[in-house]
Amino acid sequence: QVQLVESGGGLVQPGGSLRLSCAASGFTLAYYAPAWFRQAPGKEREGVSCYDRNDGSTWYADSVKDRFTISRDNATNTIYMEMTSLKPEGTAVYYCAAVAAAWAIQTVCSDYEYDYWGQGTQVTVSS
């Protein structure tokens, strides 16, 4: 069965750093494009960072650009999100997701594109 399991969330002070991990199983990550989304209370789920389905390039939301870094380790089927200079508005449930890579198909980092989802991990940025 296909599973994505997030870990690494928690409470961190503003300006601090956190690394999220997502363990994928039941499929080979090398053939999929992973992504991270987040949802704050009362708000819609939004894309944070996504790999393109075609060429593997990365996209970041303007709100996290230059502070967050998505990465992957295909050997261990793991997706990472390194977060630095965290802000209170970064408080949300963070979800990893994946969709099959496909030649000539681009992603727009919208949640409707993704087939597989984790259950989420809470990140709280507060002093």
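The values are calculated or read from the model by the stated rules, or taken from the named source; none is laboratory data. Every value quoted in this text rests on a predicted model; they were computed, and no experiment measured them. A quick note on method: Cβ atoms are made from the backbone with ideal geometry, for glycine too, and the neighbour counts reach across all protein chains shown. Calculation scope for accessible area: heavy atoms of the full protein, side chains included, ligands and nucleic acids excluded. Shrake-Rupley method; radii C 1.70, N 1.55, O 1.52, S 1.80 Å.
Remarks
- Test: Gln119 is surrounded by 14 or more Cβ atoms within 10 Å (Cβ to Cβ) and under 17 Å from Glu6 (Cα atoms): no
- If only residues of the range 77-92 that are open to solvent by 50 Å² or more (accessible area, probe 1.4 Å) and under 12 Å from the mean Cα position of the chain (by Cα) are counted, the one that is nearest to Ala24 (Cα to Cα) is Tyr80.
- Only one of the listed residues (Arg19, Arg38) is in a strand (DSSP E or B) and open to solvent by 30 Å² or more (accessible area, probe 1.4 Å). That residue is Arg19.
- Within the range 98-116, restricting attention to residues that are among the acidic types (Asp, Glu) and over 16 Å from Gly26 (Cα atoms), the residue that is least open to solvent (accessible area, probe 1.4 Å) is Glu113.
- Among the residues here, Tyr95 qualifies as open to solvent by 30 Å² or more (accessible area, probe 1.4 Å), within 26 Å of Gly15 (Cα to Cα) and touching a Lys or Arg at 6+ places or on another chain (Cβ under 8 Å).
- Residue within the range 51-60 that is open to solvent by 30 Å² or more (accessible area, probe 1.4 Å), among the polar types (S, T, N, Q) and not in a loop (DSSP other than H, G, I, E, B) present: yes
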